[in-house]
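To start, the structure itself, in structure tokens.
The values are calculated or read from the model by the stated rules, or taken from the named source; none is laboratory data. Because the structure is predicted, anything quoted here is derived from the model rather than measured. Don't worry about glycine lacking a Cβ; one is built from the backbone with ideal geometry, like all the others, and counts go over all protein chains shown.
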2 protein chains.
Amino acid sequence: MYNFEFYNPTRILFGKGKVEGIDRLIPADAKVLITYGGGSVKKFGILDQVKTHLGNRKVVEFGGIEPNPHYETLMKAAEVVRNENIDFILAVGGGSVIDGTKFICLATYYKGDATDLLRRGFRPITADIVEKVVPFGAVLTLPATGSEMNTGAVISYDHGKFPVMSEMTYPKFSVLDPTYTFSLPKIQVANGIVDAFVHTVEQYTTFPVDARIQDRMAEGILQTLIEIGETSVNESDNYDVRANHMWSATMALNGLIAVGVPQDWATHMIGHELTALFGIDHGQTLAVIYPAVMDVCREQKKAKLLQYAERVWKIDSGSDNERIDLAIYKTRHFFESLGMKTRLSAYGVTADQLGAVVQALEKHGLTALSENQSITPEVSREILQRAL
Amino acid sequence: MYNFEFYNPTRILFGKGKVEGIDRLIPADAKVLITYGGGSVKKFGILDQVKTHLGNRKVVEFGGIEPNPHYETLMKAAEVVRNENIDFILAVGGGSVIDGTKFICLATYYKGDATDLLRRGFRPITADIVEKVVPFGAVLTLPATGSEMNTGAVISYDHGKFPVMSEMTYPKFSVLDPTYTFSLPKIQVANGIVDAFVHTVEQYTTFPVDARIQDRMAEGILQTLIEIGETSVNESDNYDVRANHMWSATMALNGLIAVGVPQDWATHMIGHELTALFGIDHGQTLAVIYPAVMDVCREQKKAKLLQYAERVWKIDSGSDNERIDLAIYKTRHFFESLGMKTRLSAYGVTADQLGAVVQALEKHGLTALSENQSITPEVSREILQRAL
């Protein structure tokens with residue numbers, strides 16, 4: 001096991017009706033900005049419920065944070081925070097709204113050009129870079145990204161997607177009420193399951209470092225997602241299934257399965273370029289790319305892929321390659337059982353467009369991906385071809 | 001899954017050499033009280049390492065916190081904190097030192113009679129009860145109790161053991177360096193494994209509530225402890241094994257496997273009385289009592305015991321009772337493989353002494369134990385008899 005540091009102070013309020021807790025957790029005299037996305041939280045009454053529990057606090061709203069939240073949109077929100085002297089932000093929505101809100105919290109009082117904050121990669125933003133950060137909490141409506149209990153955000157700017165990390169943007173609290181997912185379209189539920197699944201494998205199918213608890217937690221999340229995935233997509237009001245879906249997605253990326261182990265993230269990096277270039281949903285890109293990553297990187301990942309095959313899929317016979325092939329097949333089949341496509345060609349992407357993806361990776365400096373930096377642009381091209 | 005609230009802000013510094021981080025995490029101008037136990041941290045040089053990283057801070061020491069820390073000892077330490085104007089306490093030791101330090105933090109500036117703080121059971125102590133709490137961090141030397149990443153303490157007073165819970169006593173940080181366990185006597189290592197194991201089952205072998213992630217995390221901890229237990233006892237300098245042992249023990253009681261599920265704790269409550277009456281080590285009492293609890297409570301726990309048998313012990317044939325019998329046998333055998341005794345009689349306790357244990361439970365109000373309050377004094381007597 002590698003040495004590690006772990007810290008996660010986000011308070012989780014989980015379950016039906018737990019939104020009432022926001023009244024206790026937001027300062028009574030705070031002026032609150034509610035951030036949200038396309039308006040479904042209005043349509044389905046979630047925003048009204050939230051406002052009820054804000055009582056007499058002054059409330060300002062900022063809607064319209066788009067999927068893959070854009071820098072320009074978020075800077076407009078930061079201006080609102082400054083002009084209205086907002087004390088606390090409450091993000092009501094999915095990963096994009098929460099990611100966007102984290103960036104608003106950092107950018108509002110940043111003294112330089114806020115695009116600086118996009119250029120640090122995975123190096124965290126600390127108090128010496130941004131002195132004053134607006135505190136925020138979240139009410140989650142879409143279980144997928146894990147943003148409700150971590151420090152990360154992905155921000156879109158100039159046709160690229162940029163990670164932004166800061167311990168200062170842990171949500172003070174996140175409300176996880178499974179009933180808030182009942183109104184989601186099936187495609188978003190399926191995307192969310194694939195997102196949580198691939199978050200988990202990015203931290204698991206690498207190489208072994210004898211981190212037994214982390215491995216078993218990862219396997220437990222994967223097994224749970226496999227068990228409940230199809231039902232979660234098809235039974236929109238199945239509380240128990242949605243509760244397990246929601247907690248799985250949070251646990252997949254709150255830092256716990258990451259401690260002391262190598263991490264990959266190649267699938268996400270390649271997927272981000274597909275979203276930026278072709279507008280394919282984030283979850284959809286992952287369902288296409290991850291099986292191809294397993295296939296192409298089967299040698300470097302051999303030990304963990306065999307463990308994945310055995311423990312997650314109960315594959316206990318065949319040669320190593322046969323076991324890995326079957327694990328890839330079963331993974332792909334699982335994604336497809338959720339209604340996801342697992343081929344680039346299904347989204348109309350053709351072989352002659354792959355060069356543009358590789359160029360975008362190069363432009364963004366993503367030329368040595370994966371847990372051992374082995375995925376050069378050449379290997380990325382091979383993965384994309386295998387995903388066609 | 002039940003509704004839940006989860007919050008755990010303790011920062012974990014895990015791995016060899018991570019003690020260096022205390023310099024960054026303790027305020028530079030803090031006057032520090034180091035609390036410790038019987039002196040092994042002095043003997044094995046851990047205290048010297050700690051002091052090196054405290055730099056020029058003023059340091060006061062308070063040693064002699066005993067196993068099952070006593071109220072009277074801790075009140076003496078609280079007096080030192082007041083008289084010396086201590087800003088920060090650093091607990092260096094195992095669960096008893098950390099538990100004791102939590103109580104010192106709460107008792108120092110409590111305005112009433114500090115024995116009040118012992119009489120709240122599992123009701124947490126909040127800021128309206130104790131206004132000023134001294135902050136503390138921990139350097140763990142004995143992986144067992146989980147106290148390094150939770151809010152709980154167990155304090156001995158007047159021949160009883162009393163739980164004390166407060167969100168205000170989460171350690172600010174805990175250093176978990178597996179090499180600090182290399183000098184432990186075998187019996188303490190074995191006690192620690194049993195303690196972590198039984199912490200896990202207290203939150204797992206109850207009744208199912210469709211909490212899949214929590215179940216699988218619990219099973220992962222149990223499987224890990226079973227895999228590494230004997231080696232951890234026998235190979236004192238096996239870093240990887242001790243690292244897995246250490247992280248298992250922390251994860252077993254940091255609140256994560258407890259969220260949204262019923263909890264038992266009967267084994268602990270009965271065990272506490274055995275420690276108080278006969279001086280049997282905490283871990284030893286658990287190894288004796290838990291198999292008997294499984295046996296006596298097999299009907300109420302049936303579904304989870306069968307799941308435990310199947311997933312943890314891979315028992316996949318036989319009648320329900322045969323499977324449960326085999327799971328009990330294997331659990332007992334595992335404890336014995338660590339060098340633990342699993343019978344009260346092995347500690348010289350005889351049938352005619354069991355009445356005193358039941359009376360002590362009654363005196364402490366522990367007359368409706370277990371996840372469904374089914375363990376009356378009569379049932380406790382049956383468990384004790386089965387454990388003879």
### Query
Only one of B:F6, B:F44 is over 23 Å from B:C105 (Cα atoms) and either away from chain A (no Cβ under 14 Å) or touching a strand residue (DSSP E or B) at 6+ places or on another chain (Cβ under 7 Å) (or both); which?
B:F44
### Task
Working only within segment A:343-386, note down all residues that are in contact with a Pro (Cβ under 8 Å, 6 or more places away or on another chain), of a type in the set (D, E) and farther than 18 Å from A:E299 by Cβ.
A:E362
### Query
Which numbered condition trips up B:K341, out of (1) within 28 Å of B:S232 (Cβ to Cβ); (2) basic (K, R); (3) in contact with a strand residue (DSSP E or B) (Cβ under 9 Å, 6 or more places away or on another chain)?
(3)
### Summary
When A:K18 is run through (1) more than 14 Å from chain B (Cβ to nearest Cβ); (2) modelled with pLDDT of 95 or more, the failure sits at (1)
### Query
What are the residues in segment B:211-263 that are hydroxyl-bearing (S, T, Y) and buried (at least 18 other Cβ atoms within 10 Å of the Cβ), if any?
B:T224, B:S232, B:S248, B:T250
### Query
Consider A:A276 against the criteria (1) within 23 Å of A:V189 (Cβ to Cβ); (2) surrounded by fewer than 21 Cβ atoms within 10 Å (Cβ to Cβ); (3) in contact with a Gly (Cβ under 8 Å, 6 or more places away or on another chain): it satisfies all of them except one. Which criterion is unmet?
(1)
### Query
Out of (1) of a type in the set (K, R); (2) at pLDDT below 95; (3) closer than 30 Å to B:T231 by Cβ, what's the single condition that is false for B:K341?
(2)
### Summary
The correct count of residues that are of a type in the set (G, A, S) and over 17 Å from B:T101 (Cβ atoms) in segment B:18-40 is 2
### Query
What is the number of the single condition among (1) surrounded by 15 or more Cβ atoms within 10 Å (Cβ to Cβ); (2) more than 14 Å from chain A (Cβ to nearest Cβ); (3) in a loop (DSSP other than H, G, I, E, B) that B:L33 does not meet?
(3)
### Task
Please give the number of the condition A:I125 fails out of (1) modelled with pLDDT of 95 or more; (2) within 18 Å of the chain's Cα centre (by Cα).
(2)
### Message
I need the helices (runs of 4 or more DSSP H) fully contained in segment A:312-388, keeping only those with at least 3 residues that are over 24 Å from the mean Cα position of the chain (by Cα) and under 30 Å from B:R216 (Cβ atoms).
### Response
A:320-337
### Query
When you look at A:H333, is it out of contact with any Leu (no Cβ under 8 Å at 6 or more places or on another chain), surrounded by fewer than 19 Cβ atoms within 10 Å (Cβ to Cβ) and modelled with pLDDT under 95, yes or no?
no
### Wholly within segment A:182-278, helices (runs of 4 or more DSSP H) carrying at least 3 residues that are at pLDDT 95 or above and away from chain B (no Cβ under 14 Å)
A:186-202, A:212-234, A:266-278
### Summary
Out of (1) among the aromatic types (F, W, Y); (2) touching a Gly at 6+ places or on another chain (Cβ under 8 Å); (3) under 18 Å from B:D215 (Cβ atoms), the one B:Y308 does not meet is (2)
### Of all residues in segment B:279-312 being among the acidic types (D, E) and farther than 22 Å from B:T350 by Cβ, the one that is surrounded by the fewest Cβ atoms within 10 Å (Cβ to Cβ)
B:E299
### Answer from B:N3, B:N68 - the residue that is in contact (Cβ under 8 Å) with a residue 12 or more places away in the chain and touching a Leu at 6+ places or on another chain (Cβ under 9 Å)
B:N3
